[in-house]
1. Given (1) assigned to a loop (DSSP other than H, G, I, E, B); (2) under 22 Å from E90 (Cβ atoms), where does E195 come up short, assuming only one miss?
2. Can you name the condition, by its number, that H316 falls short on among (1) surrounded by 13 or more Cβ atoms within 10 Å (Cβ to Cβ); (2) in a helix (DSSP H, G or I); (3) within 23 Å of the chain's Cα centre (by Cα); (4) of a type outside the set (S, T, N, Q)?
3. Taking the range 47-78 only, how many residues are closer than 19 Å to F247 by Cα, among the hydrophobic types (A, V, I, L, M, F, W, C) and surrounded by fewer than 16 Cβ atoms within 10 Å (Cβ to Cβ)?
4. How many of the residues in the range 233-260 are hydrophobic (A, V, I, L, M, F, W, C), in a helix (DSSP H, G or I) and in contact with a Phe, Trp or Tyr (Cβ under 7 Å, 6 or more places away or on another chain)?
5. Look through the range 144-180, keep the residues that are under 16 Å from the mean Cα position of the chain (by Cα) and outside any loop (DSSP other than H, G, I, E, B), and return whichever of them is farthest from A297 (Cα to Cα).
6. Could you tell me which residue of the range 90-129 is surrounded by the most Cβ atoms within 10 Å (Cβ to Cβ), considering only residues that are among the aromatic types (F, W, Y) and touching a residue at least 60 places away in the same chain (Cβ under 8 Å)?
7. Considering only residues that are β-branched (V, I, T) and closer than 15 Å to R255 by Cα, which ones fall in the range 47-84?
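Readers should treat all values here as calculations from the given coordinates under stated rules, not as data from a laboratory. The model shown is predicted, which means the values in this text are computed figures rather than measured ones. Cβ: placed from backbone, ideal geometry, glycine included. Neighbour counts: every protein chain shown.
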Amino acid sequence: MSKITPQPGIMEIALYESGASTVAGKSEVLKLSSNENPFGAGDAARDAYLRAGHDLHRYPSTDHANLRKAIAEVHGLDADRIICGAGSDEVLQFAAQCFAGPGDEVIYTEHGFSMYPILARAVGATPVEVKETDRTVDVDAILRACTKKTRIVFIANPANPTGTMIPDAEVARLADNLPDGVLLVHDGAYTEFVEGSDGGAALVEAKKNVLMTRTFSKIYGLGGLRIGWGYGPKELIDVMQRVRQPFNLSETQLRVAEAAVRDTAYTEKCRLDNARLREWLRSALVEIGVECDPSHANFVLARFADADEADACDAHLKEAGIIVRRVAGYKLPNCLRITVGDESGCRRVLHAIAQFKGVR
């Protein structure tokens with residue numbers, strides 16, 4: 001019998017590692033490793049979740065019409081150009097499946113989200129890493145890296161795990177100067193934390209080569225339900241709908257996401273609380289000698305002298321029952337990514353790091 005072999009690129013994929021949630025021997029753990037909303041989902045979303053329990057025997061709609069309508073109304077978009085997925089990760093996967101393959105190249109940046117090269121390899125394409133400048137996406141470096149084989153460019157803006165962001169004008173310059181036939185995927189998982197940002201929606205409206213993605217996992221507090229969406233030119237969305245499984249989202253996911261996106265007052269409250277606590281935490285860390293770039297997301301990237309100091313601080317935090325995210329896999333061995341928690345969580349992690357640094 002001949003050996004069953006995987007498709008090219010599959011075995012080059014390193015398995016994704018999520019943020020830890022437990023510490024051995026610790027019962028009261030503060031988890032600041034996965035960029036979750038410390039306040040959880042809003043009341044409207046919780047109520048929708050409970051009501052959905054009465055219809056667990058029903059199949060969901062296959063067109064996601066009510067959720068797409070809600071997203072369109074809240075954000076001023078065209079519902080026919082919205083596609084929904086099991087987290088924005090699935091929408092990113094649709095893009096890779098549809099627009100790249102063997103012999104093609106997919107560009108991502110030096111500290112970019114680790115799913116980008118995984119998605120490229122999963123479809124047999126070659127991931128191409130491009131250097132960043134001071135932990136920030138470098139548009140000129142991306143343009144220089146483009147070749148006749150380039151099919152997709154992935155950028156996250158704000159970026160994970162750095163929290164840095166490039167201006168809308170720079171994103172537009174990137175879209176304008178990409179070679180013909182190259183898709184720019186603007187990953188806006190952290191858009192809602194940026195006051196006034198449309199996450200690339202206006203760019204999608206103006207261009208034919210831009211896809212925007214968003215998620216319900218961050219500010220909406222629905223990471224456990226896995227819901228995301230994308231917005232793009234109608235002709236590209238129509239292609240992606242062909243690879244989307246008809247029942248990829250449950251009725252519970254659809255109802256809860258619709259309630260969450262319409263609860264704009266709760267979303268704004270979470271944004272304001274995050275902005276206040278993020279700036280407090282970043283400034284306090286800088287004051288005790290831990291460098292942090294200004295962040296536009298719901299986390300800060302704490303930079304230490306070297307990898308050994310970052311390792312030692314991580315171990316100290318674990319001993320204090322606090323979990324943050326090591327980001328050596330993102331080529332940031334001297335850094336720790338710290339989710340912005342509630343006020344008590346921010347004070348607790350700062351106190352522990354100050355203790356580690358020997359600052360009173």
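1. Here E195 meets the rest and fails (2).
2. Failing condition for H316: (3).
3. The total comes to 2.
4. 4
5. Initial filter on the range 144-180 (under 16 Å from the mean Cα position of the chain (by Cα)): 153-166.
Pick out the ones that are also outside any loop (DSSP other than H, G, I, E, B) and you get 153-156.
Numbers: V153: 21, F154: 18, I155: 15, A156: 11 Å.
Across the range 144-180, the extreme among qualifying residues is V153.
6. Residues of the range 90-129 that are among the aromatic types (F, W, Y), as a first pass: 94, 99, 108, 113, 116.
Narrowing the set further to residues that are touching a residue at least 60 places away in the same chain (Cβ under 8 Å) leaves 94, 99, 113.
Values: F94: 25, F99: 21, F113: 21.
Checking each candidate, the answer is F94.
7. Initially, the range 47-84 is screened for residues β-branched (V, I, T), giving 62, 71, 74, 82-83.
Selection gives T62, I71.
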